[in-house]
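Here's the structure we're looking at; comments come further down.
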Amino acid sequence: MDYFSGKVAIITGSARGIGFAAAKLLGSRGAKILLNDITNEPLRAAEETLRSAGVEAISKTGDVSEYQDCEAVVARAVERFGKIDILINNAGLSIVSAFEECKPETCRKLVDVNVMGAINMTIAAIEHIKKSAGHIVFVSSVSGIRAIPTGSIYSASKAFLRSLGESLRLELKKYGVHVGVIIPGFTTADAAKTVMKGDGSSRPINRPAHDTPEGVAMGIAKLIENRERERVLTSLGKLTAILQRLSPSLLDFLLQNRELKN
């Protein structure tokens, strides 16, 4: 029997991108899925796509930065499926701007989603995860291992998730709960997705991609199945992790040189 058969997974930020890819993969392997996102129409479309593929899926619109919304997401999953085995904290925003160009309100918006969103959803679901000796997954980033220029606030939020995962891993071990952190590199995004400038306005994503949402979803599945503490994806991501550990000054030079060329 497939490891995911019959398991119940809540995935935030799952109307598209990594979240949807993870929902599709886990659902194809027998998991029951609750999709969550802040926008209703794309979320319903994602639910219909999964259902058409034979996945037992429901959706619940909600803003992860609001604790009451997270409680409602958890309540919907338990009402329909009776339990929660997997929580994947994937919802997130990104700011691409020099730090001095970032307005406090834009930073607050990112922190509310990336940091408080993961905190809110995990607190809301934690008792159910403990009962099932299940899994909590945080979707971090290579920039959470090594912060990058023009990505200070985003990088800090992703580093936070790694630290939160480390602490919860120890706190919840006695309940048999697995806490894992997945660390993607730059991943392809659909044309509709944007990032924020420091002033809060949106701009298209303009960066080279080294992985796909489907590739990250496979990494998440392996992280869960093998109960790994952390999984770094892509060759560039692994090289970054090694250089940060062995020679952070060299990585400083490489990143600064790259920034000067852009």
Val177: net charge of surrounding residues, Cβ under 13 Å, Lys/Arg +1, Asp/Glu -1, itself excluded?
-> +4
Lys and Arg at +1, Asp and Glu at -1: neighbours of Met1 with Cβ under 13 Å from its Cβ sum to 0
Can you give the % of DSSP beta bridges in the chain that are antiparallel, to the nearest 5?
-> 10
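Quick one: which of Lys24/Lys109; Lys32/Lys131; Lys24/Lys174; Lys32/Lys60 span more than 20 angstrom between C-alpha atoms?
The answer is Lys24/Lys109; Lys24/Lys174.
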Between the alpha carbon centres of the stretch 1-52 and the stretch 112-171 the gap in Å comes to 20
Helix-derived [θ] at 222 nm for the chain: sum -39500 (n - 2.57) over DSSP H runs of at least 4, divide by residue count, nearest 500?
-> -15000 deg cm²/dmol
What is the fewest-to-most order of Phe99, Phe4, Phe138 by other Cβ atoms lying within 10 Å of their Cβ?
-> Phe99, Phe4, Phe138
Amide H to amide H under 5 Å from Thr12: which residues, 5+ apart in sequence or cross-chain, H placed 1.01 Å off N in plane?
-> Ile88, Asn90, Ala91
A correct Karplus calculation of ³J(HN,Hα) over the stretch 110-122, with 6.51 cos²θ - 1.76 cosθ + 1.60, θ = phi - 60°, whole Hz and x for Gly and Pro, returns 5, 5, 4, 7, 5, 9, 5, x, 5, 5, 4, 5, 5
Gaussian network model of the chain, Cα springs within a sub-10 Å range: biggest mean-square fluctuation belongs to which of Lys109, Lys158, Lys173?
-> Lys173
Hey, fewest Cβ within 10 Å first, where do Tyr3, Tyr154 land in order?
-> Tyr3, Tyr154
Among [x] 18.6, 69; [y] 17.8, 54; [z] 23.6, 76, the entry derived from the coordinates for Rg and Dmax of the Cα atoms in Å = [y]
Within the under-10-Å Cβ sphere about Glu101, not counting Glu101, Lys/Arg +1 and Asp/Glu -1 give a net charge of 0
Out of residues 5 or more away from Leu35 or on other chains, whose amide H comes under 5 Å of its own, with H placed 1.01 Å from N in the peptide plane?
-> Ile58, Ser59, Lys60
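Bear in mind these aren't lab numbers, they're just calculated from the coordinates by the rules spelled out. Predicted model, so just to flag it, every value in this text is computed and none were measured. Here Cβ is always computed from backbone atoms with ideal geometry, including for glycine, and neighbour counts include all displayed protein chains.
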